[in-house]
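> For reference, the structure I am asking about is given below.
The values are calculated or read from the model by the stated rules, or taken from the named source; none is laboratory data. This structure is a prediction, so every number in the text was calculated from the model and none was measured. A quick note on method: Cβ atoms are made from the backbone with ideal geometry, for glycine too, and the neighbour counts reach across all protein chains shown.
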Amino acid sequence: MFQLTNAAICPAQLRERFQDPQAGAMVIFEGRVRNHNAGQAVRSLEYQAYPGMAQKEGQKILHAAKTKFALLDAFCVHAEGHLNIGDIAIWIITTAVHRRDAYLASEYIIDTVKKTVPIWKREHYLLGDPSWVACHHCQGPDHAKTF
């Protein structure tokens, strides 16, 4: 399942939902707001999404991950609104019988969410005006993945 939220993401509560005695692997990815980007000091950031389309695209990604990898479960939640340094912007969990599928699926989900889900990021800098940013470098040849 894919979700958007304006509330703080609470990993401990989310993790409890995915306890499965079949799971030999549980991979959790937490994308956090960092204090810098592209040589600039970042004070905070905000995310805006096109909710209906983001939800639909996020669901497609999770369905594809379950098809491509031998997963028991997969879940992703992405924050909307204003976030401070250290806040969780995205949280992903994958569970599988074996670790390889859980790791590969987690990487596939984050890479694909960043590339295709209509969520936009605006960085607020310590110096200078806020700016909407894109992750074009995430799609370059050095980051290309084949699954």
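> Testing L4 on (1) under 14 Å from the mean Cα position of the chain (by Cα); (2) more than 16 Å from K121 (Cβ to Cβ), one condition comes back false. Which one is that?
Going through the list (1) under 14 Å from the mean Cα position of the chain (by Cα); (2) more than 16 Å from K121 (Cβ to Cβ), L4 breaks only (2).
> Going by the structure shown, is T112 in contact with a helix residue (DSSP H, G or I) (Cβ under 7 Å, 6 or more places away or on another chain), of a type in the set (S, T, Y), modelled with pLDDT of 95 or more and not in a helix (DSSP H, G or I)?
No, not satisfied.
> Taking segment 18-37 as the search range and keeping residues that are in contact (Cβ under 8 Å) with a residue 60 or more places away in the chain and in a loop (DSSP other than H, G, I, E, B), which one is nearest to the chain's Cα centre (by Cα)?
My answer is F18.
> Name the pairs: first residue in segment 82-107 and more than 15 Å from A65 (Cα to Cα), second residue outside any strand (DSSP E or B) and of a type in the set (D, E, K, R), Cβ to Cβ under 9 Å, at least 6 apart or on different chains?
Listed pairs, sorted by first residue: I85/R34; G86/R34; I90/K114.
> Report, by residue number, each residue of segment 38-71 that is under 16 Å from the mean Cα position of the chain (by Cα) and among the aromatic types (F, W, Y).
Y47, Y50
> Under 15 Å from A25 (Cα atoms) and hydrophobic (A, V, I, L, M, F, W, C) - does that describe any residue in segment 73-86?
Yes: segment 73-86 contains one or more residues that are under 15 Å from A25 (Cα atoms) and hydrophobic (A, V, I, L, M, F, W, C).
> Do the conditions hold for Q40, that is, is it more than 18 Å from P118 (Cβ to Cβ), without any contact (Cβ under 8 Å) to a residue 12 or more places away in the chain and out of contact with any helix residue (DSSP H, G or I) (no Cβ under 7 Å at 6 or more places or on another chain)?
no
> Are there any pairs, at least 6 apart or on different chains, whose C-beta atoms fall under 7 Å, with the first in segment 4-17 and touching a residue at least 12 places away in the same chain (Cβ under 8 Å) and of a type in the set (A, V, I, L, M) and the second loosely packed, with under 13 Cβ neighbours inside 10 Å and not in a loop (DSSP other than H, G, I, E, B), and if so, which?
If the second residue must be loosely packed, with under 13 Cβ neighbours inside 10 Å and not in a loop (DSSP other than H, G, I, E, B), the pairs left are L4/P51.
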